[in-house]
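Step one of this worksheet: look at the structure below.
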Amino acid sequence: MTLTFANAPTLGGAEAVLAQVTTLLAKVESLAHPLINVWLEDDGVVVFEVASVWCFPDGAEATINACSIVTIAAGKFTDQRIYVDNDPIDA
């Protein structure tokens, strides 16, 4: 399993991916990804466009458009590439 998040280095392995996601989610109260578009491609590749809605503990909210490309094999994500500008999250 690999994860490439924005312009950060690609992470490999379930432990590294889990650590990154845990760190990111620790900053928010809740996170939603309403789908805008989905494209199914060959060889288990799925592309989806979302409006990520980040709700912070102080009540502030940020909506950021993003696009992910996922590869699915044997019913599991084997690769995910997330294209997003997360600057509003760290602001």
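The table below lists the values:
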item	result
Apportionment of accessible area to carbon and sulfur, segment 12-57, percent (1.4 Å)	60 percent
Cα shape, the chain, gyration tensor, a/c 1.5 rule	oblate
Helix 14-25 axis, angle to the chain major axis (alpha carbon atoms, nearest 10°)	30 degrees
Average accessible surface area per residue within the chain, 1.4 Å rolling probe, Å²	65 Å²
Helical mean residue ellipticity (222 nm; -39500 (n - 2.57) per DSSP H run of 4+; nearest 500) of the chain	-4500 deg cm²/dmol
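The values are calculated or read from the model by the stated rules, or taken from the named source; none is laboratory data. Because the structure is predicted, anything quoted here is derived from the model rather than measured. The protein model used for the area step is the full one, side chains on, heavy atoms only, and it has no ligands, DNA or RNA in it. Shrake-Rupley method; radii C 1.70, N 1.55, O 1.52, S 1.80 Å.
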